[in-house]
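The values are calculated or read from the model by the stated rules, or taken from the named source; none is laboratory data. From a predicted model like this one, the values you see are computed outputs, not experimental measurements. Glycine also receives a Cβ, built like all others from the backbone with ideal geometry; neighbour counts cover every protein chain displayed. The accessibility values were calculated without ligands, DNA or RNA, using every heavy atom of the protein model including side chains. Shrake-Rupley method; radii C 1.70, N 1.55, O 1.52, S 1.80 Å.
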Amino acid sequence: MPPLASSSASVLDEHTRDFYRRGLSLLDNNKLPYLVGGAYAFARYTGIERHTKDFDIFMHPRDVERALAVLQASGCSTEMTFPHWLAKATCGEDVVDIIFSSGNGVALVDDEWFRHGVA
């Protein structure tokens, strides 16, 4: 049976790992709550690691502008990619996606998400 992910997909570049850690630390230090999603949440719950082109976090819409300002002040380029659901912070090739709703606007991230989030 072939592996679920290639060996190159299972090793995260040190520069990228540092970028993700720095970004999350900045959000923590500025008391901006977030939930980890995407491939990294999947790895936490399944043990199957597959590093992708970005790090997905879910955030309440009221905190997105402040998060973008904090990340931009640290040297990242930021953009409100889709104003109804997605923002991005980019440093070189590394990207953090800040998701605050579903693409169709039906599932807005709200306080309930955080009440049910796992630490």
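Taken over segment 21-41, the criterion of being surrounded by 14 or more Cβ atoms within 10 Å (Cβ to Cβ), assigned to a helix (DSSP H, G or I) and at pLDDT 95 or above is satisfied by Arg22, Gly23, Leu24, Leu26, Leu27. Quick check: anything in segment 63-75 of a type outside the set (Phe, Trp, Tyr), surrounded by fewer than 18 Cβ atoms within 10 Å (Cβ to Cβ) and at pLDDT below 90? No; the residues of segment 63-75 include none that is of a type outside the set (Phe, Trp, Tyr), surrounded by fewer than 18 Cβ atoms within 10 Å (Cβ to Cβ) and at pLDDT below 90. Close contacts from segment 5-28, counting a first residue that is farther than 13 Å from Ile48 by Cα and of a type outside the set (Gly, Ala, Ser) and a second that is modelled with pLDDT under 95 and open to solvent by 90 Å² or more (accessible area, probe 1.4 Å), with Cβ to Cβ under 8 Å and a gap of 6+ residues or different chains, come to Thr16/Glu93.
Taken over segment 42-59, the criterion of being open to solvent by 20 Å² or more (accessible area, probe 1.4 Å) and within 15 Å of Ala119 (Cβ to Cβ) is satisfied by Arg44, Tyr45, Phe58. Contact map, segment 63-88: residues that are closer than 15 Å to Phe19 by Cα paired with residues that are open to solvent by less than 100 Å² (accessible area, probe 1.4 Å) and among the acidic types (Asp, Glu), Cβ distance under 6 Å, separation 6+ or inter-chain. Pairs shown: Lys88/Glu79; Lys88/Asp97. Kindly provide the set of residues from segment 93-117 that are open to solvent by 100 Å² or more (accessible area, probe 1.4 Å) and within 28 Å of Arg17 (Cβ to Cβ), ordered by number. Glu93, His116 - these are the residues of segment 93-117 that are open to solvent by 100 Å² or more (accessible area, probe 1.4 Å) and within 28 Å of Arg17 (Cβ to Cβ).
For segment 42-62, a residue qualifies if it is more than 18 Å from Asp94 (Cβ to Cβ) and either free of Cβ contacts under 8 Å to residues at least 12 places away in the same chain or β-branched (Val, Ile, Thr) (or both), and the qualifying residues are Phe42, Arg44, Tyr45, Thr46, Gly47, Ile48, Arg62.
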